[in-house]
Amino acid sequence: MTEMRAPALRGCFCCDQDIPSSSAPSRRGFMLGAGALALATATGGGRAVAQATPEAKPFRIDVHHHLSPPSYITASKDLGFGEGLMRSWTIEKSLDDMDKAGTATAMLSVTTPGINPVKTDVARRLCRESNEYAAKLVADYPGRFGNFAMLPLRDAEGSLREIEHALDTLKADGIALMTSYNDKWLGDPLFLPVMEELNRRKALVYTHPTAANCCVNLVSTQQPVMIEFGTDTTRTIADIVFSGNAQKFRDIRWIFSHAGGTMPFLIERFVRNPLLEPKTKPTVPDGTLAELRRFYYDTAQTSNKSAMSALAAIIPPSQIVFGTDFPYRNGIDHVKGLREADVFTDEQIASIERGNALKLIPRLAS
């Protein structure tokens, strides 16, 4: 498949960088696979409908799909974290949602708070047991699941051991990290040994937001998921970029949840940061946008016109991947949302729903 061209550019009035003037790249060169054609049928206005038909072959790849391993559920009850949908997850519920949305493969990851609430020895055990449980699902349901393995990131030695076990023994597709760990974001020097190893392995790293200790229960009318999750994603993107880690560890392939949090809306501030903080200028020698456009961003909880328009204004469609946040949302909502948003062409949507993820996880093509 030929990669889509990035949006046209115009000069940014706030600095010497360029920003896109259009979110509609060329339609050339992308052909729908047979599975995609079988699944999609026309609706008024020429957009593809979301529903799968009995004879259709599922083709979507959901990079943001949660599981709750039994040992993790037990720990959450014993230690008093997590509730509701996280604890009631089952493999049957995942498969049912995937079938309804025409999803061929869901990339499994444990959701927030991950292992943030637990001590080092418990964190190591939970990561190992959770990663092995996910690997068993991948083996038991061929082609239906992938595995983003969890790490006890505050524990460098434990993380390095788990990277080796997860990637070499379990053959995990990538690593799943929270956006912050006890008020330390992913550019923090504490995590440098782990980042060095992930970079050496050219690892795919999916990130999921959590609520930092600083910002839990700030306002009684708002759950952290409402505002703090998007904000924490934004903080960690900024920390990776302006700590210099994006430049130093260029072989890590990052996926950020929820369209990059509030980053697209704050893009002018991101672009101007090296002007306001000169010490950060060496971290972005080609400009802030050049770093942001190398990352990937998923559509979970953001498959709407406002969010997708903001993201597509600065990030090319080739860097956007399909995500649903199951079980907190369902797949069919996101399939419909991408089409109703009317931001992308049908060819771009097909790339978002499958082709872009295949570039990151080629084994799913078979």
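Worth pointing out:
- Residue 112 meets all of the listed conditions (1) buried (at least 19 other Cβ atoms within 10 Å of the Cβ); (2) within 25 Å of residue 351 (Cα to Cα) but one, namely (2).
- A single entry from 183, 168 fulfils the requirement of being part of a loop (DSSP other than H, G, I, E, B) and either open to solvent by 30 Å² or more (accessible area, probe 1.4 Å) or within 25 Å of residue 241 (Cβ to Cβ) (or both): 183.
- In region 123-157, of all residues being more than 18 Å from the chain's Cα centre (by Cα) and aliphatic (A, V, I, L, M), the one that is farthest from residue 208 (Cα to Cα) corresponds to 139.
- Put simply, of 117, 152 the only residue that is closer than 29 Å to residue 80 by Cα, open to solvent by less than 10 Å² (accessible area, probe 1.4 Å) and either acidic (Asp, Glu) or without any contact (Cβ under 8 Å) to a residue 40 or more places away in the chain (or both) is 152.
- Within the span defined as region 234-253, one or more residues are within 19 Å of the chain's Cα centre (by Cα), hydroxyl-bearing (Ser, Thr, Tyr) and crowded, with 20+ Cβ neighbours inside 10 Å.
- Within region 186-214, residues that are under 15 Å from residue 114 (Cα atoms) reach partners that are open to solvent by 20 Å² or more (accessible area, probe 1.4 Å) and aliphatic (A, V, I, L, M) with beta carbons closer than 8 Å, at six or more positions or on different chains, in the pairs 211/225.
- When the residues of region 66-90 are filtered to those that are open to solvent by 20 Å² or more (accessible area, probe 1.4 Å), touching a helix residue (DSSP H, G or I) at 6+ places or on another chain (Cβ under 9 Å) and not in a loop (DSSP other than H, G, I, E, B), the one that is farthest from residue 332 (Cα to Cα) is 79.
- Taken together, the criteria place residue 153 among residues that are of a type in the set (A, V, I, L, M) and outside any helix (DSSP H, G or I).
- Tally, over region 215-233, of residues that are open to solvent by less than 40 Å² (accessible area, probe 1.4 Å), out of contact with any strand residue (DSSP E or B) (no Cβ under 7 Å at 6 or more places or on another chain) and either among the β-branched types (Val, Ile, Thr) or in contact (Cβ under 8 Å) with a residue 60 or more places away in the chain (or both): 2
- Matching helices (runs of 4 or more DSSP H) fully within region 190-268 where at least 2 residues are of a type in the set (Val, Ile, Thr): 224-242
- Residue within region 270-277 that is of a type in the set (Asp, Glu) and either at pLDDT 95 or above or within 18 Å of residue 204 (Cβ to Cβ) (or both) present: no
- Meets criteria (in a loop (DSSP other than H, G, I, E, B), open to solvent by less than 70 Å² (accessible area, probe 1.4 Å), among the aliphatic types (A, V, I, L, M) and touching a Leu at 6+ places or on another chain (Cβ under 9 Å)) for residue 137: no
- Of all the numbered requirements in (1) assigned to a helix (DSSP H, G or I); (2) under 14 Å from residue 329 (Cα atoms); (3) not polar (S, T, N, Q), residue 63 misses one, and that requirement is (1).
The values are calculated or read from the model by the stated rules, or taken from the named source; none is laboratory data. As the structure is a computational prediction, the values presented were derived from the model and not from experiment. Backbone-built Cβ (ideal geometry, glycine too); neighbour counts: all protein chains shown. Areas reflect the complete protein model, heavy atoms only, side chains present, ligands, DNA and RNA absent. Shrake-Rupley method; radii C 1.70, N 1.55, O 1.52, S 1.80 Å.
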